[in-house]
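Data first, discussion second: the structure below is written as structure tokens.
The values are calculated or read from the model by the stated rules, or taken from the named source; none is laboratory data. Just so you know, these numbers come straight off a predicted model, no measurement behind them. Neighbour counts are summed over all protein chains in view; Cβ atoms, including those assigned to glycine, are modelled from backbone coordinates with ideal geometry. Accessible surface is based on the protein model in full, side chains and every heavy atom, while ligands, DNA and RNA are left aside. Shrake-Rupley method; radii C 1.70, N 1.55, O 1.52, S 1.80 Å.
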Amino acid sequence: MYNTIPKDAFLFLKDLKKNNHRDWMQEHKKRYQNNEKALKKFYAEVEKGLNKTDQIEKLKVFRINRDIRFSNDKTPYNVHRSVSFTRAGEHRRGGYYLRLEPGNSLMA
């Protein structure tokens, strides 16, 4: 069975964009955690698919918290989710990056 991106993950990110502050995030922490769990299953499926034609050594899920120390934009959370897949072996260069963001799609 293939895991898919839950629709609520995009709805959550849209809501977060409108309410990007700590109090709102604390109120919706359970929803965030449920979406993260589902997204990690989806990322694992993507990694499995990549391993059919490549060798993936590491999967890195980027944090939702932003580093705001030196930024003029003080919103505390990213309104996208992203992950990188590192290729195995020193002889392989590059890797793969996946970014999920509401309204940012290659499909019409």
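Would you check which residues across the stretch 71-92 are among the hydrophobic types (A, V, I, L, M, F, W, C) and touching a strand residue (DSSP E or B) at 6+ places or on another chain (Cβ under 8 Å) and list them?
83, 85, 88
Which count do you get for residues in the stretch 42-63 that are more than 23 Å from residue 103 (Cα to Cα) and open to solvent by 100 Å² or more (accessible area, probe 1.4 Å)?
5
Using beta carbons and a limit of 9 Å, which pairs, at least six apart or on different chains, have the first residue in the stretch 47-63 and within 26 Å of residue 79 (Cα to Cα) and among the basic types (Lys, Arg) and the second one part of a loop (DSSP other than H, G, I, E, B) and open to solvent by less than 100 Å² (accessible area, probe 1.4 Å)?
58/88; 63/78
Can you find even one residue in the stretch 32-54 that is outside any helix (DSSP H, G or I), under 29 Å from residue 87 (Cα atoms) and hydroxyl-bearing (Ser, Thr, Tyr)?
Yes; the residues of the stretch 32-54 include at least one that is outside any helix (DSSP H, G or I), under 29 Å from residue 87 (Cα atoms) and hydroxyl-bearing (Ser, Thr, Tyr).
Just give me the residues in the stretch 64-95 being open to solvent by 40 Å² or more (accessible area, probe 1.4 Å) and touching a residue at least 24 places away in the same chain (Cβ under 8 Å), in sequence order.
Hits for the stretch 64-95 are 75, 86, 87, 92.
Of all residues in the stretch 1-41 being in contact (Cβ under 8 Å) with a residue 40 or more places away in the chain and among the basic types (Lys, Arg), which is surrounded by the fewest Cβ atoms within 10 Å (Cβ to Cβ)?
22
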